[in-house]
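Note sheet for the following structure.
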Amino acid sequence: MSRQIALLRGINVGGHNRFPKARQLELAESLGFRDVSVLLQTGNIVFADPGTPPEETARVLHERIAAELGLTVPVIVRTGAELAAAVAANPFPQAVPEPKTLHVTFLSAAPADTSPLDALDAAAFAPDRCRLVGRELYLWCPGGIGRSKLAEAVGRARLGVTATARNWNTVTKLLALA
C-alpha cells in the first residue's frame with residue numbers, strides 16, 4: 001500500500017501552534033485518511049495514500065487546520081516513494097552514523113532561484129556543508145546545528161518556497177512508517 005507523509009511546519013515548537021499528537025491523528029482520520037500514524041508532536045503524519053496528488057493533500061490539510069484550530073500552518077506532503085528517494089539521495093552519507101548532525105529541509109517546490117544558496121561561501125562555514133538536491137536541502141553540521149553559522153545563513157536564504165526541516169533520525173523513522 002502506498003503512503004503519504006504530511007510535514008507540518010512550526011507545530012508545538014517553543015509553545016507556539018499547539019496541536020497535540022492525538023488531535024493530529026483525529027484530524028487526519030476526520031479527513032478520511034486511513035492507517036494514520038503520527039510521529040512525535042512536531043507535525044509528522046503518515047497515512048495510506050488517499051489517491052490525491054501530494055499538493056492537493058497538503059492544501060486540504062492546511063485548510064482544515066486553519067478552519068478547526070485557527071492556525072496558519074504550512075504543510076508539505078511527500079509520497080513514500082519520494083521520501084525513499086530523498087533518503088537515497090543523501091549527499092552526506094558520512095553523516096549517517098551521527099544522525100543528529102544531518103538535517104533535511106523539505107521544500108514545496110524546487111526553487112526557481114538558487115542564487116541565495118549559491119552565494120554562500122562554503123569555505124567560510126566549514127566543516128558544515130549544505131547541498132540542494134531537487135526539492136530537498138541537506139544540511140550537515142558536524143558540531144551541531146545549534147551553533148552552526150551555516151544553518152543560520154541557510155535559514156535566512158530566501159528561496160521563494162515553503163520549507164520545513166527534519167533531522168535524519170526523524171526522516172528515517174518516517175520512512176520506516178511509510
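Laboratory data are not the source of any read-out in this text; all were calculated from the coordinates shown. Since the model is a prediction, treat every value here as computed from it, not as a measurement. Here the Cβ positions follow ideal geometry from the backbone for every residue, glycine too, while neighbour counts run over all protein chains shown.
Take region 152-178 and flag every residue that is buried (at least 17 other Cβ atoms within 10 Å of the Cβ) and without any contact (Cβ under 8 Å) to a residue 40 or more places away in the chain.
Hit for region 152-178 is Ala153, nothing else.
So which residues in region 156-165 are closer than 15 Å to Arg131 by Cα and either within 13 Å of the chain's Cα centre (by Cα) or in a strand (DSSP E or B) (or both)?
Ala163, Ala165
Would you call Val75 in contact with a Leu (Cβ under 6 Å, 6 or more places away or on another chain) and crowded, with 16+ Cβ neighbours inside 10 Å?
Judged against the criteria, Val75 is a match.
Return the total of residues in region 29-64 being in contact with a Phe, Trp or Tyr (Cβ under 9 Å, 6 or more places away or on another chain), among the charged types (D, E, K, R) and not in a loop (DSSP other than H, G, I, E, B).
1
So which residues in region 2-21 are under 15 Å from Leu175 (Cβ atoms) and surrounded by fewer than 17 Cβ atoms within 10 Å (Cβ to Cβ)?
The answer is Ser2, and nothing else.
Taking the condition of being polar (S, T, N, Q) and either surrounded by 16 or more Cβ atoms within 10 Å (Cβ to Cβ) or closer than 21 Å to His16 by Cα (or both), how many residues in region 45-72 meet it?
The number of residues fulfilling the criteria is 2.
Take the residues in region 129-155 that are of a type in the set (Gly, Ala, Ser) and outside any helix (DSSP H, G or I), then tell me which one is nearest to Ala110 (Cα to Cα).
That would be Gly134.
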